[in-house]
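A.B. asks: Structure below; questions to follow.
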Amino acid sequence: MTEIIKVEDNLNYAIDCAKNLFFQGKIFAYPTDTIYGLGGNPFNIQTVKALDIVKQRELGKRYIFLVGSIEILRKYIVVNNENHLDFLISIWPNPISVILNLNIETSNSLGLTNAAFRIPNNAFCVKFLKEIKMPLISTSVNRKDEPPMNDAEMIQMEFKDEIDAIFVSDKKSLDYNSTLIDLTGNVPILIREGKVRFDDVLSRFNNSLSTEDVS
């Protein structure tokens, strides 16, 4: 039976429950700064397969990962340019997901060369992510080719007994996806525009570039 846990009732209890589920390889829904997310441990192969089955999507299709800080992120990626770190610091926390190159260890563990990451602007997510010090899978709560579900009661009705818990927030989730960009090269490339306009992302990127010392 899917457990319903209200985040605002006892945040520390909710975080402890989410941590236990994460490290046990379970799947759970949770609030973010955009739509509700469905996720688990990306390094647990059985968790990823189970999530693919729940969503009825092709096995091996990529997911976005949430992280709690730049420091945690750096354990998993290769930084092409130090200016890119300044850029990431300038855009997060925000609904902007960025595809980055993975380091060798992470690439071997996930079977990927790159992955999309985001630091969400959500108190529950950030506290939880800083506790686990690992990435968390974040995908919309829906079946393949169906619109994302953003209501806890509807999620419970649709996915009861298929996921292990739903973390519910009194704060209304915003009904939009994150903007997705590719930063595996030298400059950002737009993959999907969400709430944050790509022009704004480019502006922040340009501002993060180091100015050449001509003195």
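A.B. asks: If I ask for residues that are hydroxyl-bearing (Ser, Thr, Tyr) and touching a residue at least 60 places away in the same chain (Cβ under 8 Å), which ones from the stretch 52-81 would you list?
C.D. replies: Initially, the stretch 52-81 is screened for residues hydroxyl-bearing (Ser, Thr, Tyr), giving 63, 69, 76.
Selection gives TYR63, SER69.
A.B. asks: Further question: Consider the stretch 163-208. How many of its residues are more than 13 Å from SER97 (Cα to Cα), under 16 Å from the mean Cα position of the chain (by Cα) and among the small types (Gly, Ala, Ser)?
C.D. replies: Qualifying residue count for the region: 1.
A.B. asks: Check whether at least one residue in the stretch 147-164 is touching a Cys at 6+ places or on another chain (Cβ under 9 Å), closer than 19 Å to VAL48 by Cβ and surrounded by 15 or more Cβ atoms within 10 Å (Cβ to Cβ), and report yes or no. Spell out the reasoning first.
C.D. replies: Residues of the stretch 147-164 touching a Cys at 6+ places or on another chain (Cβ under 9 Å): none.
Within the stretch 147-164, not a single residue is touching a Cys at 6+ places or on another chain (Cβ under 9 Å), closer than 19 Å to VAL48 by Cβ and surrounded by 15 or more Cβ atoms within 10 Å (Cβ to Cβ).
A.B. asks: Mind checking which residues of the stretch 18-37 are of a type outside the set (Phe, Trp, Tyr), assigned to a helix (DSSP H, G or I) and more than 18 Å from ALA152 (Cβ to Cβ)? So that I can check it myself, show each step before the final result.
C.D. replies: First, pick out the residues of the stretch 18-37 that are of a type outside the set (Phe, Trp, Tyr): 18-21, 24-27, 29, 31-35, 37.
From what's left, assigned to a helix (DSSP H, G or I): 18-21.
Across the stretch 18-37, the qualifying residues are LYS19, ASN20.
A.B. asks: If I ask for residues that are β-branched (Val, Ile, Thr) and surrounded by 17 or more Cβ atoms within 10 Å (Cβ to Cβ), which ones from the stretch 34-53 would you list?
C.D. replies: Of the residues in the stretch 34-53, the ones β-branched (Val, Ile, Thr) are 34-35, 45, 47-48, 53.
Answer for the stretch 34-53, where residues must be β-branched (Val, Ile, Thr) and surrounded by 17 or more Cβ atoms within 10 Å (Cβ to Cβ): THR34, ILE35, THR47, VAL48.
A.B. asks: Scan the stretch 75-112 residue by residue and report those that are within 24 Å of THR32 (Cβ to Cβ), assigned to a loop (DSSP other than H, G, I, E, B) and not aromatic (Phe, Trp, Tyr).
C.D. replies: Within the stretch 75-112, LYS75, PRO93, ASN94, PRO95, LEU112 meet the criteria.
A.B. asks: Six or more apart or on different chains, Cβ atoms under 8 Å: show the pairs whose first residue is in the stretch 194-210 and modelled with pLDDT of 90 or more and among the charged types (D, E, K, R) and whose second is part of a helix (DSSP H, G or I) and surrounded by 13 or more Cβ atoms within 10 Å (Cβ to Cβ).
C.D. replies: Partner pairs satisfying both residue conditions: ARG204/PHE87; ARG204/SER90; ARG204/ILE91.
A.B. asks: Taking the stretch 141-159 as the search range and keeping residues that are part of a loop (DSSP other than H, G, I, E, B) and closer than 19 Å to VAL7 by Cα, which one is nearest to the chain's Cα centre (by Cα)? Step through it out loud before you land on a result.
C.D. replies: Going residue by residue through the stretch 141-159, those that are part of a loop (DSSP other than H, G, I, E, B) are 141-151.
Going one step further and asking which of them are closer than 19 Å to VAL7 by Cα, we end up with 141, 149-151.
On the way: VAL141: 13, MET149: 16, ASN150: 16, ASP151: 19 Å.
Among those that are part of a loop (DSSP other than H, G, I, E, B) and closer than 19 Å to VAL7 by Cα, it is VAL141.
A.B. asks: Tell me yes or no: at least one residue of the stretch 59-74 is of a type in the set (Gly, Ala, Ser), assigned to a loop (DSSP other than H, G, I, E, B), at pLDDT 95 or above and in contact with a Lys or Arg (Cβ under 8 Å, 6 or more places away or on another chain). Walk me through how you get there before you give the answer.
C.D. replies: Within the stretch 59-74, the subset of a type in the set (Gly, Ala, Ser) is 60, 68-69.
Subset that is assigned to a loop (DSSP other than H, G, I, E, B): 60, 68-69.
Retained after the next criterion (residues that are at pLDDT 95 or above): 68-69.
So of that shortlist, the ones also in contact with a Lys or Arg (Cβ under 8 Å, 6 or more places away or on another chain) come out as 68-69.
Checking the stretch 59-74: at least one residue is of a type in the set (Gly, Ala, Ser), assigned to a loop (DSSP other than H, G, I, E, B), at pLDDT 95 or above and in contact with a Lys or Arg (Cβ under 8 Å, 6 or more places away or on another chain).
A.B. asks: Out of the stretch 94-106, which residues are at pLDDT 95 or above and either closer than 22 Å to VAL201 by Cβ or surrounded by fewer than 17 Cβ atoms within 10 Å (Cβ to Cβ) (or both)?
C.D. replies: Going residue by residue through the stretch 94-106, those that are at pLDDT 95 or above are 96-106.
ILE96, SER97, VAL98, ILE99, LEU100, ASN101, LEU102, ASN103, ILE104, GLU105, listed by residue number.
A.B. asks: Also: Looking only at the stretch 57-69, which residues are surrounded by 16 or more Cβ atoms within 10 Å (Cβ to Cβ) and of a type outside the set (Lys, Arg)? Don't jump to the end; show me each part of the working.
C.D. replies: Narrowing the stretch 57-69 to residues surrounded by 16 or more Cβ atoms within 10 Å (Cβ to Cβ): 57, 63-68.
Those that are surrounded by 16 or more Cβ atoms within 10 Å (Cβ to Cβ) and of a type outside the set (Lys, Arg): TYR63, ILE64, PHE65, LEU66, VAL67, GLY68.
A.B. asks: State all residues of the stretch 113-140 that are closer than 21 Å to LYS49 by Cα and either at pLDDT below 95 or part of a strand (DSSP E or B) (or both); if no residue qualifies, say none.
C.D. replies: Scanning the stretch 113-140 gives ASN114, ALA115, ALA116, PHE117, LEU136, ILE137, SER138, THR139, SER140.
The values are calculated or read from the model by the stated rules, or taken from the named source; none is laboratory data. A quick note: this is a predicted structure, and the numbers were derived from the prediction, not measured. Reconstructed Cβ throughout: ideal geometry from the backbone, glycine too, with neighbour counts over all protein chains shown.
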